[in-house]
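The values are calculated or read from the model by the stated rules, or taken from the named source; none is laboratory data. This structure is a prediction, so every number in the text was calculated from the model and none was measured. Counting neighbours? That spans all protein chains shown, and the Cβs are built from the backbone with ideal geometry, glycine included. With ligands, DNA and RNA removed, areas are computed over all heavy atoms of the protein, side chains included. Shrake-Rupley method; radii C 1.70, N 1.55, O 1.52, S 1.80 Å.
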Protein chains: 2
Amino acid sequence: MGSLEEAIKQKEFKDPYNKLVVNILYTHSYLVSAQNGILKPFDLSPEQYNVLRILRGQNGVPTTVSSIQDRMLNKMSNASRLVDKLKAKQLVERRECPSDRRQVDIMITDKGLIILNDLQTHMEGFNNQVINLTGEEVGLLNSLLDKLRG
Amino acid sequence: MGSLEEAIKQKEFKDPYNKLVVNILYTHSYLVSAQNGILKPFDLSPEQYNVLRILRGQNGVPTTVSSIQDRMLNKMSNASRLVDKLKAKQLVERRECPSDRRQVDIMITDKGLIILNDLQTHMEGFNNQVINLTGEEVGLLNSLLDKLRG
DNA sequence: TCCTAATACGTGTCTATACATTTAATATCA
DNA sequence: TGATATTAAATGTATAGACACGTATTAGGA
């Protein structure tokens with residue numbers, strides 16, 4: 001796999017900023033593909049998995065659709081339809097919010113929690129296996145990405 | 001925007017490897033959204049833009065669909081249909097390859113080249129504006145991402 | 001109070017991703 | 001040569017992303 005230039009068969013980039021954009025897009029695809037391999041047997045898409053983790057983080061407190069949307073990795077996605085898919089699999093519940101009838105309370109079900117726990121054991125080794133970096137380098141990369149977005 | 005934890009309203013991560021995966025997914029979304037803003041007036045999706053750049057890099061030598069696929073940022077995408085869309089906009093041409101009739105030769109048109117040049121002037125300032133890093137940090141980030149993928 | 005604005009959620013449409021399958025053309029080898 | 005395998009591209013289907021729009025409900029101000 002090695003360098004980006006080799007991976008996408010491009011000789012060189014005009015400037016390192018341009019290369020960085022392409023590098024992040026490419027690394028994203030690399031990680032998502034690997035993640036997909038783990039999620040597929042569980043019949044979950046990466047974003048469905050993410051929504052379930054958000055709901056688990058609530059520790060039983062219901063959340064609204066828009067709150068889920070705010071916490072999603074992709075702000076332009078469509079939490080409403082994702083919740084629909086998860087409900088069809090009985091991994092989440094939805095209830096009309098009594099205090100504001102525009103809102104809908106979403107909660108993860110026991111079945112959802114069980115699947116997440118199952119997944120976690122599969123995901124544990126995944127990161128270290130797919131990310132070929134030392135702990136120090138991971139920390140550095142994290143802070144650089146945080147700074148990038150300014 | 002600042003830290004990832006703040007951006008997606010998560011208190012903390014189990015381990016930095018896990019945070020890194022989420023961080024890359026999130027930064028990807030950040031960059032693609034910004035890129036979309038530039039591409040939209042040109043009626044191009046990010047991946048269509050990428051295919052046009054690949055074809056421009058050929059300097060007039062025709063390429064096959066599978067060669068485009070190999071160089072795409074997302075290996076699982078569908079070059080055939082993307083080429084279709086570009087052909088409908090008259091930005092690429094396709095010809096049956098005489099030496100192997102399974103293959104199709106793809107070339108960027110003059111119209112495609114003109115749009116790319118136009119875009120380039122818009123894209124130039126974009127990177128430095130969106131990426132809040134020094135040149136040194138950009139270099140470091142590039143090499144860390146290359147190493148990540150092993 | 002009533003009118004208007006803002007909010008929450010859902011829906012519609014187009015494009016792209018992921019992956020299986022199909023069809024045609026070429027390669028390989030007994 | 002002929003049967004089989006491999007390859008290139010296209011197609012089919014489900015999910016997701018991007019974005020506009022619609023509808024119901026609540027908020028807020030004249």
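Mind counting the residues in the range A:79-90 that are assigned to a loop (DSSP other than H, G, I, E, B) and within 16 Å of the chain's Cα centre (by Cα)? Matching residues across the range A:79-90 total 0.
Of the numbered criteria (1) under 19 Å from the mean Cα position of the chain (by Cα); (2) assigned to a helix (DSSP H, G or I), the one B:Gln58 fails is (2). The number of residues in the range B:91-106 that are open to solvent by less than 50 Å² (accessible area, probe 1.4 Å) and either among the acidic types (Asp, Glu) or not in a loop (DSSP other than H, G, I, E, B) (or both) comes to 5. Taking the conditions exactly as written (touching a helix residue (DSSP H, G or I) at 6+ places or on another chain (Cβ under 8 Å), polar (S, T, N, Q) and not in a helix (DSSP H, G or I)), does A:Asn36 satisfy them or not? Spelling it out, it is not the case that A:Asn36 is touching a helix residue (DSSP H, G or I) at 6+ places or on another chain (Cβ under 8 Å), polar (S, T, N, Q) and not in a helix (DSSP H, G or I).
Total residues in the range B:57-81 satisfying the condition of being within 12 Å of DNA strand C (Cβ to nearest atom) and among the β-branched types (Val, Ile, Thr): the figure is 1. Pairs are defined by a Cβ separation below 6 Å, a sequence spacing of at least 6 or placement on different chains, a first member in the range A:97-120 that is within 14 Å of chain B (Cβ to nearest Cβ), and a second member that is in a helix (DSSP H, G or I) and away from DNA strand D (no atom under 14 Å from the Cβ); the pairs so defined are A:Leu116/A:Arg56. The residues on offer are B:Met123, B:Met76, and the sole one that is outside any helix (DSSP H, G or I) and touching a helix residue (DSSP H, G or I) at 6+ places or on another chain (Cβ under 7 Å) is B:Met76. Comparison of B:Lys9, B:Lys14 shows that the only residue that is outside any helix (DSSP H, G or I), within 16 Å of DNA strand C (Cβ to nearest atom) and open to solvent by 20 Å² or more (accessible area, probe 1.4 Å) is B:Lys9.
The residues in the range B:19-56 that are surrounded by fewer than 16 Cβ atoms within 10 Å (Cβ to Cβ) and within 7 Å of chain A (Cβ to nearest Cβ) can be counted, and the count is 1.
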